[in-house]
1. Test of understanding: ordering I126, I65, I160 by Cβ neighbours within 10 Å, fewest first, what list do you get?
2. If we count other beta carbons within 10 Å of each Cβ, what is the order of C122, C88, fewest first?
3. Hey, fewest Cβ within 10 Å first, where do E141, E136 land in order?
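Only the coordinates and a few stated rules stand behind these numbers; no lab work does. All figures in this text were calculated on a predicted structure; none of them were measured in a lab. Please note: Cβ atoms are built from the backbone with ideal geometry, for glycine as well, and neighbour counts cover all protein chains shown.
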Amino acid sequence: MATGEGKRIFLWTFWVANLLVDAVYVVMSWSTADNLSRASGNLHIENGWKQDVGQTARAFISNNIWRAPVAAAALGGLMVVLFNLLSCGVLLRRSMARGAAGFGYGFMLAWAFVLSFFTLLCGLVIEGFKDVVVKELEKTENWTTLATGAFHASYAFSYIVSALFMVFFLVLLLLQNQITKELGIYETMHQHKRAAEMGTIAGAGGATAPLPAGPI
């Protein structure tokens, strides 16, 4: 059976590997969000103003539709960054102070599960605009070959990151008992609380115990 130190090293190794993939995803997503916001805006607004009022209104609505992939790319990267900051803080505190799973560990566990589906959704939204990007945005001056590559990489890495977060969730879930017992990850305050409760129970038991009979 692996030692507690081995499990801690395994957890940190997996976290670092996940961080490296997340970093690529964040760069691709934020780059795509910036490229889409620039190129799509010029595409629809300019075409609209060159035509009649009705076409302008439709172009404005079409331009607003681009908020979906821009928001998916921007928010997906932001949520991943926040998760890594939180999880790093939780794991550092647990490793250094041998603190507990507690609220921080449970919140990290739940966030990894939710983030797996959130990044999957972001990838689906971005990929849904793939044909429009190829047919329309590649014709504009603001859209380059690198932008196309970043766009495809953003939703591809969304799916990869989604799978990694689900695996990370399962690792945290399956190792939770071993981590709390073998690595000493449990709240010190809970130890004191349990000790105080045991002391109270012992004191109450001693107070209610019958007195030994003395000599008559």
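1. Details: I126 27, I65 12, I160 16.
The order, fewest Cβ neighbours first, is I65, I160, I126.
2. C88, C122
3. Ascending Cβ contact count within 10 Å gives the list E141, E136.
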